[in-house]
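Here is the structure we will look at.
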Amino acid sequence: MEYAVEIKGLTKVFKEKKAVDNVSFSIKKGEIVAILGPNGAGKSTTILMMLGLLYPTNGESKLFNADARDKKVREKIGVMLQEVSLMDGLKVKEIIGLFRSYYPNPLSIEQLIRLTGLSGEDLNKRTEKLSGGQKRRVGFALALAGNPELLFFDEPTVGMDISARKVFWQTVRELADKGKTILFSTHYLQEADDIADRIILFNKGKVVADGTPEAIKGNLLRQSVSFSTGHPFPKVQFLQLPQVSDVYVKDGRTFILTSDTDLILSKIFTEQLDVYDIAIEKGRLEEAFEQLTVEQKEAI
Ligand SMILES: Nc1ncnc2c1ncn2[C@@H]1O[C@H](COP(=O)(O)OP(=O)(O)OP(=O)(O)O)[C@@H](O)[C@H]1O
């Protein structure tokens, strides 16, 4: 199978700091993938190495089974990095025209205006006169200019207001419907959950989870089933289930921490265990994710 992205053992060490630590994954054509993680988790460094813009200390990155620096590969990708730097002194329409000229099958200016929400007024502005949000729209137009098959967005919605965000995600969905492969990094679990069909979760330079938003949420959530029981509870039998992370007793109640509360309930009933006063605690997703962020800050 030809993958859009294939990285193996990517590692980056800055002086004594390991920013990215032995990261491997592949992305199939047509996937929408979010790279999610707190500040400093290594998301941007990984994306830069994937794109061939930063040399890895170890490991390799391939796009469409070739080196990211190949001209043929470059023509198939569009990139919007965190800092959109635009040449001063040019009007927006001039810089877009310049970018379109680099590609064999560029999108028309009209298509780019529609997809990015740029206005006619924006097109005539000089780049140094643009606000942060307008700059990002232009950056988005430049990423789309070559009608790319694979798009990279590094924290794309930072600095965008609500209406700009809406246009951005609408367009991303439209591009995905056309079969484009999309990879974006974000701090926001909600964004990743809304848009992506796969989330790769980074923490401290490593991939700590990789799966559908549903599966990731299941992993992050500290869900529990708790109950009272008159008899000794078969703790070990439950601990052996891959969906169970812990079983403990607190204030006379037994708690089973699990990614799948339905499974635990069905096991309790089918095995006719003598338990009563059952409660299910779903946990709060944002809280769980924040916990990850706090751990990251403490580690720095
Ligand atoms: N050029 C550099 N020189 C030294 N250290 C760097 C450099 N670039 C990144 N780092 C460090 O590598 C780690 C990972 O940074 P990176 O920017 O990849 O994280 P991130 O997940 O994209 O974070 P954010 O969400 O804040 O953008 C951080 O500790 C950062 O300080």
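The values are calculated or read from the model by the stated rules, or taken from the named source; none is laboratory data. Small disclaimer: the values here were computed from a predicted structure and weren't measured. Counting neighbours? That spans all protein chains shown, and the Cβs are built from the backbone with ideal geometry, glycine included.
Determine, yes or no, whether PHE14 is within 16 Å of the ligand (Cβ to nearest atom) and either in contact with a strand residue (DSSP E or B) (Cβ under 8 Å, 6 or more places away or on another chain) or farther than 27 Å from ARG173 by Cβ (or both). When the stated conditions are applied, PHE14 passes them.
Which one is nearest to TYR188 (Cα to Cα), of the residues in segment 40-54 that are more than 7 Å from the ligand (Cβ to nearest atom) and not small (Gly, Ala, Ser)? Show your work before the answer.
Step one: of segment 40-54, the residues more than 7 Å from the ligand (Cβ to nearest atom) are 47-54.
With the extra rule that they be not small (Gly, Ala, Ser), the set shrinks to 47-51, 53-54.
Numbers: ILE47: 17, LEU48: 20, MET49: 22, MET50: 22, LEU51: 23, LEU53: 25, LEU54: 25 Å.
Across segment 40-54, the extreme among qualifying residues is ILE47.
Suppose the filter is under 22 Å from LEU175 (Cα atoms), touching a Ser or Thr at 6+ places or on another chain (Cβ under 6 Å) and basic (Lys, Arg); does LYS43 pass it? For LYS43, the condition - under 22 Å from LEU175 (Cα atoms), touching a Ser or Thr at 6+ places or on another chain (Cβ under 6 Å) and basic (Lys, Arg) - is not met.
Candidates VAL92, VAL84, VAL73: the one that is surrounded by 15 or more Cβ atoms within 10 Å (Cβ to Cβ), β-branched (Val, Ile, Thr) and at pLDDT below 90 is VAL84. Considering GLY159, GLY179, the condition of being within 15 Å of the ligand (Cβ to nearest atom), modelled with pLDDT under 95 and out of contact with any strand residue (DSSP E or B) (no Cβ under 9 Å at 6 or more places or on another chain) is satisfied by GLY159 alone.
Among residues of segment 224-253 being hydroxyl-bearing (Ser, Thr, Tyr), touching a Phe, Trp or Tyr at 6+ places or on another chain (Cβ under 9 Å) and within 27 Å of GLU214 (Cβ to Cβ), the one that is surrounded by the fewest Cβ atoms within 10 Å (Cβ to Cβ) is TYR248.
Restricting attention to segment 83-110, the residues that are farther than 27 Å from ILE47 by Cα and either polar (S, T, N, Q) or under 30 Å from the mean Cα position of the chain (by Cα) (or both) add up to 3. Among the residues of segment 254-288, those identified as polar (S, T, N, Q) and either surrounded by 12 or more Cβ atoms within 10 Å (Cβ to Cβ) or more than 27 Å from GLU214 (Cα to Cα) (or both) are THR254, THR258, SER259, THR261, GLN272. Screening the candidates GLY97, GLY117, GLY52 for the property of being small (Gly, Ala, Ser), buried (at least 17 other Cβ atoms within 10 Å of the Cβ) and modelled with pLDDT of 90 or more yields one hit, GLY52. Taking residues in segment 125-145 that are surrounded by fewer than 18 Cβ atoms within 10 Å (Cβ to Cβ), and partners anywhere that are among the small types (Gly, Ala, Ser), the pairs with Cβ atoms closer than 6 Å and at least 6 places apart or on different chains are GLY132/GLY159; GLY133/GLY159; GLY133/ALA164. In this structure, LYS8 does satisfy being in contact (Cβ under 8 Å) with a residue 12 or more places away in the chain, over 30 Å from VAL138 (Cα atoms) and in contact with an Asp or Glu (Cβ under 6 Å, 6 or more places away or on another chain).
Which one is nearest to the ligand (Cβ to nearest atom) among residues in segment 23-39 that are closer than 12 Å to SER185 by Cβ and in contact with a strand residue (DSSP E or B) (Cβ under 9 Å, 6 or more places away or on another chain)? By that ranking, first place goes to GLY37.
Residues being of a type outside the set (A, V, I, L, M) and more than 20 Å from LYS180 (Cα to Cα): count how many of those fall in segment 191-214. Full working, then the answer.
The initial filter retains those residues of segment 191-214 that are of a type outside the set (A, V, I, L, M), namely 191, 193-194, 197-198, 202-206, 210-214.
This time we only want the ones that are more than 20 Å from LYS180 (Cα to Cα), so: 202-206, 210, 214.
Number of matching residues: 7.
In this structure, does VAL5 turn out to be aliphatic (A, V, I, L, M), over 18 Å from ALA196 (Cβ atoms) and in contact with a helix residue (DSSP H, G or I) (Cβ under 7 Å, 6 or more places away or on another chain)? It is false that VAL5 is aliphatic (A, V, I, L, M), over 18 Å from ALA196 (Cβ atoms) and in contact with a helix residue (DSSP H, G or I) (Cβ under 7 Å, 6 or more places away or on another chain). When segment 205-223 is limited to residues that are buried (at least 18 other Cβ atoms within 10 Å of the Cβ) and at pLDDT 90 or above, the one that is farthest from VAL247 (Cα to Cα) turns out to be GLY205.
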